[in-house]
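Heads up: the structure comes next, in structure tokens.
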Amino acid sequence: MEPGLEVSVVPNLYDLGPDHTGRLFLDSVKGDLVVFSWLYSRAAFWLLDRDGIKGHLGEIQLKPAKDEDEDDAEKPPEEEKPPAIGASGSIPDRHIYCLDLRDSNKAEAFVSEVRRIAAECRDRREAKAREKAANNPAILQLGLAVNSPQTSTSEVPGALAAFTPEAMLAAAGRRWYPVIDYSRCTNCLECLDFCLFGVYGVDSLERIVTENQDQCKKGCPACSRVCPQQAIIFPEYKSPAIAGADTGVVGGLKIDLSKLFGGDVADALSMAVQERDRELVNDGRDAVGMAVGIPKRQDGKPQGPKDDLDKLVDDLDNLGL
């Protein structure tokens with residue numbers, strides 16, 4: 001009921017194929033966009049980007065309540081990260097705000113945040129209009145503005161006009177595939193070498209892409225575990241770190257050698273290899289263990305100081321695994 005805002009409902013973003021009406025509708029929206037989903041905000045934003053629905057990341061002020069233990073816990077120091085490759089193609093002059101519906105159980109919290117976002121977008125548009133007017137003064141002829149807008153917004157049909165609710169809510173088949181967060185991805189191509197199912201490829205600029213998403217094995221997040229920047233998201237996986245939670249939660253993926261050799265099978269690399277081998281066997285192929293696609297094999301890269309992952313691979317080699 002908020003004036004000036006259009007609302008629509010579509011099925012799960014993750015399941016929408018390129019021809020689904022819900023996805024075509026989202027692609028038709030040219031202005032600022034607020035998306036509600038039961039996905040982490042980072043996952044929803046990069047999922048939309050992957051589908052060609054691009055924009056600048058809008059900052060959300062509605063945050064989930066923190067546990068008391070989380071507030072008291074000592075946070076590890078921020079590490080310097082290598083530069084990410086960033087989103088591909090041109091980014092439209094609009095912002096996309098992604099709200100996680102799990103962040104509050106009160107509707108008022110979301111209504112308040114949408115009102116704040118609407119005011120922020122309006123202020124930004126007005127500021128740009130003032131800047132444009134200052135840089136491009138109107139040319140006057142006989143007292144009339146020559147370069148005034150020819151149509152008013154009321155004469156332009158809304159984005160909803162071409163889509164019926166019934167078409168947009170048509171059932172979509174369930175899917176499973178990785179989503180790449182290009183704000184973190186450094187194009188190291190670890191995922192391309194580790195995945196043996198042809199899911200990944202590179203585009204004309206040699207940038208990593210999810211090329212054959214439907215070749216991904218349902219429920220398997222192995223490539224996400226070996227990504228050094230945690231840039232690979234499986235939005236519907238049970239672990240927040242893999243499902244696209246923010247950095248504070250993702251830090252839990254860091255490899256701990258003592259846990260591995262103490263018998264903890266939850267170590268990221270060890271679990272990734274087990275998951276990949278399981279899917280290979282299910283495909284009627286041979287398990288490869290640590291013999292294929294382990295990060296250490298990048299001989300073309302300059303030698304740098306070894307991190308925990310390098311030490312882990314060395315120790316595994318020494319054990320003959």
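What length, rounded to one decimal in nm, is gained on full extension from K238 through to E166, with 0.36 nm per residue of separation minus their alpha-carbon distance?
Extending this stretch completely gives an extra 22.8 nm.
Please give the residues of segment 204-236, grouped as numeric ranges, whose backbone N is less than 12 Å from a label point set 7 Å along the Cα-to-Cβ vector of V281.
Of the residues in segment 204-236, none has backbone N under 12 Å from the label point off V281.
When the Karplus curve 6.51 cos²θ - 1.76 cosθ + 1.60 is applied with θ = phi - 60°, which whole-Hz ³J(HN,Hα) does each residue of segment 12-20 get, with x for Gly and Pro?
These are the phi-based 3J(HN,Hα) values: 3, 3, 5, 8, 6, x, x, 9, 5 Hz.
What spacing in nm lies between the two simple spin-label points modelled at R207 and A84, each 7 Å away from Cα in the Cβ direction?
1.2 nm
Would you kindly find the accessible area of L192, with a 1.4 Å probe and non-protein molecules such as ligands, DNA and RNA excluded, rounding to the nearest 10 Å²?
60 Å²
Taking θ = phi - 60°, what integer Hz values does the Karplus form 6.51 cos²θ - 1.76 cosθ + 1.60 yield along segment 170-185, in sequence order, with x for Gly and Pro?
Computed from phi, the couplings for segment 170-185 are 4, 4, 10, x, 5, 9, 8, 6, x, 10, 9, 8, 6, 6, 10, 4 Hz.
Which order do you get for E131, E236, E166 if you rank them by accessible area with a 1.4 Å probe, largest at the top?
Order by accessible area, largest first: E166, E131, E236.
Which distance in nm do the two modelled labels at Q274 and V292 give, with both placed 7 Å along the Cα-to-Cβ direction?
2.1 nm
What distance in nm lies between label points placed 7 Å from Cα along the C-beta direction at N135 and D246?
3.2 nm
Check which residues have an amide H placed less than 5 Å from F36's amide H, if you skip close sequence neighbours.
L99
Could you list, in their original order, any pairs among K63/K217; K81/K218; K63/K238; K30/K128; K217/K238 whose Cα atoms are separated by more than 23 Å?
K63/K217; K81/K218
Ranked by accessible surface with a 1.4 Å probe, highest first, in what order do K238, K54, K106 come?
Working: K238 165, K54 35, K106 125 Å².
These residues rank, largest area first, as K238, K106, K54.
Enumerate the calculated ³J(HN,Hα) couplings along segment 225-239 in order (Karplus 6.51 cos²θ - 1.76 cosθ + 1.60, θ = phi - 60°), each rounded to whole Hz, writing x wherever the residue is Gly or Pro.
So the J values, rounded to whole Hz, are 6, 9, 5, x, 10, 6, 9, 9, 10, 10, x, 10, 6, 6, 7.
The values are calculated or read from the model by the stated rules, or taken from the named source; none is laboratory data. Just so we're clear, the structure is a prediction, and the values are computed from it rather than from any experiment. No Cβ is skipped: glycine too gets one built from the backbone with ideal geometry, and neighbour counts run over all protein chains shown. For the accessible areas, the whole protein counts, side chains as well, though only heavy atoms, and no ligand, DNA or RNA atoms are used. Shrake-Rupley method; radii C 1.70, N 1.55, O 1.52, S 1.80 Å.
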